[in-house]
1. Within the stretch B:134-162, restricting attention to residues that are assigned to a strand (DSSP E or B), surrounded by fewer than 23 Cβ atoms within 10 Å (Cβ to Cβ) and at the interface with chain A (Cβ under 10 Å from one of its Cβ atoms), which residue is modelled with the highest pLDDT?
2. Hey, among the residues in the stretch A:511-544 that are within 14 Å of another protein chain (Cβ to nearest Cβ) and open to solvent by 40 Å² or more (accessible area, probe 1.4 Å), which one's farthest from the chain's Cα centre (by Cα)?
3. Give just the number: which of (1) in contact with a Phe, Trp or Tyr (Cβ under 9 Å, 6 or more places away or on another chain); (2) surrounded by fewer than 18 Cβ atoms within 10 Å (Cβ to Cβ) does residue A:459 not satisfy?
4. Taking the condition of being in a loop (DSSP other than H, G, I, E, B) and acidic (Asp, Glu), how many residues in the stretch B:231-262 meet it?
5. Restricting the search to the stretch B:44-99, which residues are of a type in the set (Phe, Trp, Tyr) and assigned to a loop (DSSP other than H, G, I, E, B)?
6. Is it fair to say residue A:554 is within 14 Å of chain B (Cβ to nearest Cβ) and of a type in the set (S, T, N, Q)?
7. Could you list, in sequence order, the residues of the stretch A:387-410 that are out of contact with any helix residue (DSSP H, G or I) (no Cβ under 9 Å at 6 or more places or on another chain) and assigned to a loop (DSSP other than H, G, I, E, B)?
8. Just give me the residues in the stretch A:148-207 being of a type in the set (D, E, K, R) and touching a Leu at 6+ places or on another chain (Cβ under 8 Å), in sequence order.
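The values are calculated or read from the model by the stated rules, or taken from the named source; none is laboratory data. Note that the coordinates shown come from a computational prediction; the quantities given were computed from them, not determined experimentally. Using ideal geometry, Cβ is built from the backbone for each residue, glycine included, and neighbour counts are taken over all protein chains shown. With ligands, DNA and RNA removed, areas are computed over all heavy atoms of the protein, side chains included. Shrake-Rupley method; radii C 1.70, N 1.55, O 1.52, S 1.80 Å.
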Amino acid sequence: MRLTALIAAILSASGVYAQEAVLRESHITAVRSVIAPTDTISGSRLRSATDAADAIRSFTGLQVKDYGGVGGLKTINVRSLGSEHVGVFIDGIRIDNAQNMQVDLGRFSTDNLSSIELYGGQKSAILQSAVEYGSATAVHLISDTPARNAATVRVRGGSFGTLSPSFRIDRIFRQHLYVTFDAALTYSDGRYRFHDNYPGHDTVMVRTNTDIRSARAEARMGRKTWHLHAYAYDSERGLPGPVVRRASALPLSLDRQSDRNLFLQGSWRHTFTSAWDIALKGKLTRDYIRYRTDPEHDPQSMPIDVYYRQHQAYTSIATSIRLTPFWQAAIASDIQYNTLNSNARDFTLPRRLTAFSAISTSISKGPLNASASLLHTIAADLFRNTSAGAWTRTNTTRRAFTPSLMASYTSNSFTINAFVKRSYRLPSFNDLYYTIVGNSLLSPEKATQYNISARFHTNINANTAVTARLEAYHNRMRDKIVAVPTVNQFRWSMYNIGRADINGAEAQFSVRHDDTKGIDIRYTYQQALDHSNKKSLTYGGQIAYIPLHSGSVNADITLHGWRLDITTVLTSERWSNSANIKDYRIAPWWTLDARISRTIGRITLRADLKNIFNKQYCVVQGYPMPGFNILGYLGYDF
Amino acid sequence: MKHKISLLVCACVLSAGLTGCMKDGENSGVTITSQDETLAGIVVTAGDQTTPLYKLFVVNEGQMGTNNASVDFLRFKDGKYVLNSYSQMNDGAALGDVANDCKIYLNSVWVPVTNSGILEVFSAVNEIKIASITIPSPRNVAFYGSYAYVTSYAGAVYGGENRLGALYKVDLNNGQTAGNIEVGYQPEGIAAGENGHLYVANSGGYTAGYDNRLSIINATTFSVEKDIEVAPNLKEVFYDYDNDLVWVTSMGNFNDVHSGIYAINALNGTLLANDEDLAAVRYSCATFPYDGYLYVIGNDNEYDWTGEPAYNLYKINSSTRTVEKKVSFSTSEFGDNHIAPYGICVNPLDGTIYISDAGDYKTPGKVVCYDKNLNFQWETNTGVCPGHMALYALVY
């Protein structure tokens, strides 16, 4: 299995064969992808990550916006387009957040995944849902499919007072029907020391109000052609807030957040004839978040106790037809309904109905592959006008056509791929309707991507494979939604005034020898320029939090049954504002992690040593990251 | 700390603030030297050896959550503008998160740093820290007798999403807080009158429907004597000793009530009616330099957020309560300067006008200087979100 996963990842570069291998482990509902993922992680390297965000932080072109600590928000930004433009999918179905379009990847465990794939453009399987054509970039979490009856108990624990027991049961029934159940509890006080690196205050402080308690339960069942997935997550955590100067008699923050997330999703796929396929997908989601302050003990805070409850219903139908041996066409149609309720003052109770329709076609002749798609998105909102008290749908319909074109040429060991893609990000409910701040006249954000990549893969000998990838892109962002002050600093509102131009290049080089040694080297160059306002100090500046240079090295070696993994991530200087002046400069940082693991019979042991050199750094200004920390893992298979 | 503050109090018994001090200092010039003269600065204007003023302090609020409030100043004798002087003079210490006021008491500068829960006191001569006084969510400060009075969002009484604000008092003899009382919702500006009264503007900025009351506090008994309903979302208060008037500004409710400025008879606590011109005044920042005039900047298009702002400068005669002059920023009188005014300060000696421009409120702003006839003089970059300015003359 270990090898298959890795080889699968490498081979998928050169075409269709690999899909079969991946399919054995997971249930991608679509095959015959014309494009390989930009980057991918699978196998033990994936499973040993603390969460999905941790797993992919060494990917090219990707920044994890990490607020630090066990419970800290972790969103991702791919190719400087902003986290709202990253579609995050579980088994081909999008995790949606209509409130703010952000997905916290720190919530997702990697225990049940077979791989995570990143696509610079979109995943271009011919039979996919219309939403999958929608986002500018995409991260796909792909669940594993159990192959045999098994049961596992695991416990993780270590730094930050973390303890997380979990178990999983897999059962296989007749005709390859599988049922799997997984549950985990996590408790962590989340405390860690950091150097308060504000000038003049080089003291060691402790991050407080960082505790988190969470419970997660998941059940999945299915066969080759259908899958069902139920997910429940409940958590309560402290929000430590940014580190700022605070009178010593007053706490920094005692704010709390509770979350409850439920979803049920399913997919079904049927082949009528060898030339005609159909796929159905559906999802129901309920997300609840409550945020509250504690003014009795934290006099700095204003009394707030507010909840937001989102519901989503989603359904998709897609069908593909093979017109000639080398020509395919597909149609997909998705409908989604979102609601957001809250006890916040003057809340507008927005509802949104979105219809996505996509047509696509692909031609595959010899080494040549080409595909084209056209997505039509129409979203209609309904909200309560708080001053008039009446429901309104005036000016709330937004629509767009977003095309993409892709072509590739594959020889034995070499693939060249190019794509052009337009995409479109709907304004979130917060952008449009947030009390006072929201501006219901917003238009969507538009992104255009031009991308070219080359991949090379060869087997030097029977045991050693070399892969190299070079990729260059230009992204144009228009009508970016930006918060700006209006009358004065007390009144901010959202406007479509942001413009950005992004030039990027990525390089990746991997060597793998058997299953015992391997190294991946990745480098990313991103020039992401703010072109919003010619008169502003920010014009022409590098966009906030995007490093010009970043890179990572992953290496592993197995000796006498012991496996050692080393990961280092390096980031050049950044700015917390696109005014690139020294007040906003964030120092470059790098970290080194190591992991030692061993499986002895039914027992798996692992020790994760993170940030071994105890580097003091922050990804987000004011949110220091933990120094050296260690997490242990013990798993037992029944 | 105790010692330093006592010394300051001993240094001068005059408490009328700038006016009193400057009358003494007429044409004497400033000969003091300070350690902060070693700090690098930009010469923005010709040095003035004759003015009794020593510095113009500019307090930059900073961007919330980024701990970047800062203090700049212009030194008149050499025309040098020095950025970030507080931090430089205190071994790189940060002032804190969101500075909300700048008041000068004798030779010290008092800055409430809202999100740090600190009322910071430092020397006006060399910016070296004198005291950090813990007050939760401090907003604005005024002085009366031997106390500093500080408005705060953080009252002890709250329920649901509403919370009353408080007025703290700080003993100038020892720098310790000496009690607090409840006032209205989210109190902002405060001014002391000569009749033993303090006036607090309650904004209700975090409260449904806003607060609209001016609280009149008896400084001797330290209790609220009376609340006067003025207009929603009150902001700044100025006390006119010559005419026994309390001027209070309102930011409006951002919906159907516009911003404006109002006068209250300090002797009987009644709200005076505005004439047509005064009622049409829009407010975004104001100053009262004790030269008999209020200088107010407001935006005529304040609720038309998609359009261009239309800022005006109003010069209001405090004794007649009439608008003597209204100048639009877009006219040639203001040159081609296209700015987002956030604070204003006027030198009462020569009428020089300083306007701070917060820009996008996230990146460094500017201070723009005009002479009394609104001829552009100079401009220079500041820290982030320059909002509060104060003129300082040395007190011997």
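1. Here the answer is B:134.
2. Let us first name the residues in the stretch A:511-544 that are within 14 Å of another protein chain (Cβ to nearest Cβ), namely A:530, A:532-544.
Among the residues that remain, those that are also open to solvent by 40 Å² or more (accessible area, probe 1.4 Å) are: A:532-535, A:537, A:539.
Values: A:532: 27, A:533: 30, A:534: 33, A:535: 35, A:537: 32, A:539: 29 Å.
Looking at residues that are within 14 Å of another protein chain (Cβ to nearest Cβ) and open to solvent by 40 Å² or more (accessible area, probe 1.4 Å), I get A:535.
3. So the condition that residue A:459 fails would be (1).
4. Just the residues of the stretch B:231-262 that are in a loop (DSSP other than H, G, I, E, B), to begin with: B:231-233, B:241-244, B:251-259.
Okay, now just the ones that are also acidic (Asp, Glu), so B:242, B:244, B:256.
Within the stretch B:231-262, residues that are in a loop (DSSP other than H, G, I, E, B) and acidic (Asp, Glu) number 3.
5. Within the stretch B:44-99, the first condition is being of a type in the set (Phe, Trp, Tyr), and the residues that meet it are B:54, B:57, B:73, B:76, B:81, B:86.
Answer for the stretch B:44-99, where residues must be of a type in the set (Phe, Trp, Tyr) and assigned to a loop (DSSP other than H, G, I, E, B): just B:76.
6. Working: within 14 Å of chain B (Cβ to nearest Cβ): no; of a type in the set (S, T, N, Q): yes.
So residue A:554 fails the test.
7. Narrowing the stretch A:387-410 to residues out of contact with any helix residue (DSSP H, G or I) (no Cβ under 9 Å at 6 or more places or on another chain): A:387-395, A:397-401, A:403, A:405-409.
A:387, A:388, A:389, A:390, A:393, A:394, A:395 - these are the residues of the stretch A:387-410 that are out of contact with any helix residue (DSSP H, G or I) (no Cβ under 9 Å at 6 or more places or on another chain) and assigned to a loop (DSSP other than H, G, I, E, B).
8. Step one: of the stretch A:148-207, the residues of a type in the set (D, E, K, R) are A:148, A:154, A:156, A:168, A:170-171, A:174, A:182, A:189, A:191, A:193, A:196, A:202, A:207.
Within the stretch A:148-207, A:154, A:156 qualify.
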